[in-house]
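This report refers to the structure that appears directly beneath it.
Read-outs: derived from the displayed coordinates by stated rules, not from any lab. Here the structure is a predicted model, which is why all the values come from computation and not from measurement. Methodologically, a virtual Cβ is constructed for each residue, glycine included, from the backbone with ideal geometry; neighbour enumeration extends over all protein chains shown.
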Amino acid sequence: MAERIDGKAVAAAVRQEVAQEVLRLKEEKGLQPGIAVVIVGDDPASRIYVNNKKKACSEVGIYSEEYALPASITQEELTDLIHQLNENPAIHGILVQSPLPKGLDEKAVVENIDPKKDVDAFHALNVGKIMIGDFEFLPCTPAGVIELLDRYGVAIEGKRCVVIGRSNIVGKPMAMLLLHRNGTVTICHSRTKNLAEICREADILVAAVGKAKFVTKDMVKPGAVVIDVGMNRNENGKLCGDVDFDEVEPLASYITPVPGGVGPMTIAMLMKNVVSAAKIQNHLPL
Ligand code: NAP
């Protein structure tokens with residue numbers, strides 16, 4: 001039976017460390033890390049995410065400003081706001097909540113964020129830096145997965161790693177981080193042939209598909225570490241991952257539950273990135 005990886009506990013530990021570092025920066029350097037969170041339109045899920053991020057900031061002592069804008073805002077107005085935030089010395093991180101309403105170009109917005117303030121690590125410059133292994137910020141969800149593996153003593157070096165999913169925010173950077181840690185990485189996607197066979201080779205299997213019960217026991221090698229990034233709703237509206245947990249748990253060595261696995265790590269890693277951004281912008285060592 002697999003050991004369950006407790007993402008809630010690890011995220012709480014990360015947040016505690018961030019809170020201590022924020023306090024140290026305030027006391028020793030007179031510096032308070034700050035973030036601007038931009039939300040456009042009235043998507044209820046986005047509102048929940050933004051509220052959670054603001055709450056997490058206040059718990060660790062990070063200053064936050066919210067910019068709630070109507071869906072009718074123009075691309076130019078949004079770009080102007082981003083430019084103002086780029087110039088604001090109290091703001092070290094800028095986060096634009098995705099998705100933006102139809103008609104607004106999300107990619108163009110991200111490209112206008114100063115890369116030093118891009119705490120999501122979505123800007124092309126930061127994506128490129130991740131590719132060459134010379135990065136300051138890591139995208140929050142994949143970084144959270146690495147943190148979980150590290151804190152549970154799961155070695156990555158030399159392991160066969162399979163990532164299901166190739167999105168720019170999860171699958172691709174996940175694969176790259178595992179590669180930087182000397183894993184032997186395969187990325188699978190919707191056109192992959194013999195998916196189950198490839199997954200069965202994995203010592204570390206990461207599912208980032210967005211489909212409930214996608215990973216079944218026939219796709220898992222006994223003793224594998226199974227990381228479930230998925231956040232889906234099952235037929236009863238309950239939050240669930242991509243892995244058929246009941247089926248896979250007895251086979252795996254470690255497994256992340258949903259909820260309480262990867263999910264809580266994303267915001268914790270965002271908090272860490274805001275502190276890193278504040279240090280970088282103030283020429284302090286990371
Ligand atoms: P996405 O952009 O929809 O990407 C899904 C990926 O899964 C795509 O690369 C797709 O392949 C692949 N896929 C779809 N059907 C497949 C199939 N039948 N066989 C193999 N691969 C298949 O989703 P995402 O943004 O990466 O998110 C993935 C999941 O993680 C979602 O449930 C999301 O809610 C969750 N998530 C969680 C967190 C967190 O904090 N825990 C953060 C972000 C996302 P193609 O590229 O070929 O289409």
- Query: Mind checking which pairs have a first residue in segment 210-224 that is in contact (Cβ under 8 Å) with a residue 24 or more places away in the chain and a second that is within 10 Å of the ligand (Cβ to nearest atom) and of a type in the set (Asp, Glu), Cβ under 8 Å, 6 or more apart or different chains?
  - Reply: GLY210/ASP242; LYS211/ASP242; ALA212/ASP242; LYS213/ASP242; PHE214/ASP242; VAL215/ASP228; VAL215/ASP242
- Task: Confirm whether VAL229 is crowded, with 17+ Cβ neighbours inside 10 Å, in contact (Cβ under 8 Å) with a residue 60 or more places away in the chain and near the ligand (Cβ under 9 Å from one of its atoms).
- Result: yes
- Scan ASP120, ASP114, ASP134 and give me the residue that is within 21 Å of LYS172 (Cα to Cα) and surrounded by 14 or more Cβ atoms within 10 Å (Cβ to Cβ). ASP120
- Task: Go through the residues of segment 185-199 one by one and say whether even a single one is in a loop (DSSP other than H, G, I, E, B) and either surrounded by 21 or more Cβ atoms within 10 Å (Cβ to Cβ) or in contact with a Ser or Thr (Cβ under 8 Å, 6 or more places away or on another chain) (or both).
- Result: no
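Yes/no matrix, rows are residues, columns are (1) among the basic types (Lys, Arg); (2) in contact with a Pro (Cβ under 8 Å, 6 or more places away or on another chain); (3) within 13 Å of ILE267 (Cα to Cα):
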| residue | (1), (2), (3) |
| --- | --- |
| ARG4 | yes, yes, no |
| LYS8 | yes, yes, yes |
| VAL14 | no, no, yes |
| GLY30 | no, no, no |
| VAL38 | no, no, no |
- Query: What about ALA277, is it touching a strand residue (DSSP E or B) at 6+ places or on another chain (Cβ under 8 Å) and buried (at least 24 other Cβ atoms within 10 Å of the Cβ)?
  - Reply: yes
- In segment 209-226, which residues are part of a loop (DSSP other than H, G, I, E, B), surrounded by 22 or more Cβ atoms within 10 Å (Cβ to Cβ) and more than 9 Å from the ligand (Cβ to nearest atom)? VAL220, ALA224
- Query: When residues of segment 55-93 are filtered for being in contact with a Lys or Arg (Cβ under 8 Å, 6 or more places away or on another chain) and either in contact (Cβ under 8 Å) with a residue 60 or more places away in the chain or part of a loop (DSSP other than H, G, I, E, B) (or both), how many remain?
  - Reply: 6
- For residues that are in a loop (DSSP other than H, G, I, E, B) and over 14 Å from ILE227 (Cα atoms), scanning just segment 241-286, find the one that is farthest from the ligand (Cβ to nearest atom). HIS283
- Message: Which pairs turn up if I take residues in segment 251-267 that are without any contact (Cβ under 8 Å) to a residue 60 or more places away in the chain and look for partners that are more than 8 Å from the ligand (Cβ to nearest atom) with beta carbon separation below 6 Å, at least 6 apart in sequence or on another chain?
- Response: VAL258/ASP228; VAL258/CYS240; PRO259/LEU239
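Can you tell me which residue within segment 142-182, out of those that are free of Cβ contacts under 8 Å to residues at least 24 places away in the same chain and part of a helix (DSSP H, G or I), is farthest from ILE132 (Cα to Cα)? Steps first, answer last, please.
Looking only at segment 142-182, we keep the residues that are free of Cβ contacts under 8 Å to residues at least 24 places away in the same chain, and these are 150, 153, 155, 166, 172, 175, 179.
Right, trim to part of a helix (DSSP H, G or I) and you get 150, 172, 175, 179.
Values: ASP150: 22, LYS172: 13, ALA175: 13, LEU179: 11 Å.
That would be ASP150.
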- Query: Could you say whether any residue in segment 123-137 is in contact with an Asp or Glu (Cβ under 7 Å, 6 or more places away or on another chain) and not in a loop (DSSP other than H, G, I, E, B)?
  - Reply: yes
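Tell me, which residue of segment 165-185 that is more than 20 Å from LEU148 (Cα to Cα) and not charged (D, E, K, R) is nearest to the ligand (Cβ to nearest atom)?
As a first pass, look at segment 165-185 and keep what is more than 20 Å from LEU148 (Cα to Cα): 166-168.
With the extra rule that they be not charged (D, E, K, R), the set shrinks to 167-168.
Working: SER167: 3, ASN168: 8 Å.
Looking at residues that are more than 20 Å from LEU148 (Cα to Cα) and not charged (D, E, K, R), I get SER167.
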- Query: How many residues are among the aliphatic types (A, V, I, L, M), more than 30 Å from ARG233 (Cα to Cα) and surrounded by fewer than 17 Cβ atoms within 10 Å (Cβ to Cβ) when one looks only at segment 15-67?
  - Reply: 2
